[in-house]
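Just so it is clear, none of the values below were taken in a lab; they were calculated from the coordinates. None of these values were measured; they are calculated from a predicted model. FYI the Cβ positions are ideal-geometry reconstructions off the backbone, even for glycines, and counts take in every protein chain you see.
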Amino acid sequence: MRTIPALAAMVLAALFQRGAGTTLVAAHYKGGIIVGADSRSSRGSFVASRHATKVTPVARHVVVARSGSAADTQRLAEHVAAALRMAEMSDYLSGGGGGGYAASVRSAAHVLSRAAYAGKGHLSAALLCAGWDPLDGMQLFSCPPGGALLPSGSFAIAGSGAPSVLG
């Protein structure tokens, strides 16, 4: 029997050999959440980089997987990370000590969704937000272009390569 991480790696490897566009895959399993993405940054047939980082940590246990315009998605991820740091600092300054605050995956996903919605029509971004927090445990959210926020159960896919995953 193969584990979820091994299956996710096999799916991603098969997609990249086919030349699908950006493909983001996240799966929730008993031991956690695995998030994967291809590493190629391209525009049409022009490949700008074969080593792009598309899964960005925004807090200790929260990541954002990015597809679309590299500039747009990088800015959105930086915005989420800054908002979570501000919340942590606010907790510290209000006497919480900072030690008790852990970034909520749901909060990160909502900040991401609001920023994507505010830029709808201007931004090119399809995102996944995944992670763990002490309140709600493992969580996975999808944020398609336009800023909707969709909680995902066991898996989520995004990007122009998503149709290849669905078959």
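Of note:
- FRET efficiency for the ARG50 to ARG75 pair, using the beta carbon distance and R₀ = 25 Å, is estimated at 0.65.
- MET86 versus TYR117: modelled label distance in nm, points set 7 Å from Cα along the beta carbon direction: 1.7 nm
- Each residue, SER39 and ALA148, gets one label point 7 Å from its Cα in the Cβ direction; the gap between the two is 3.3 nm.
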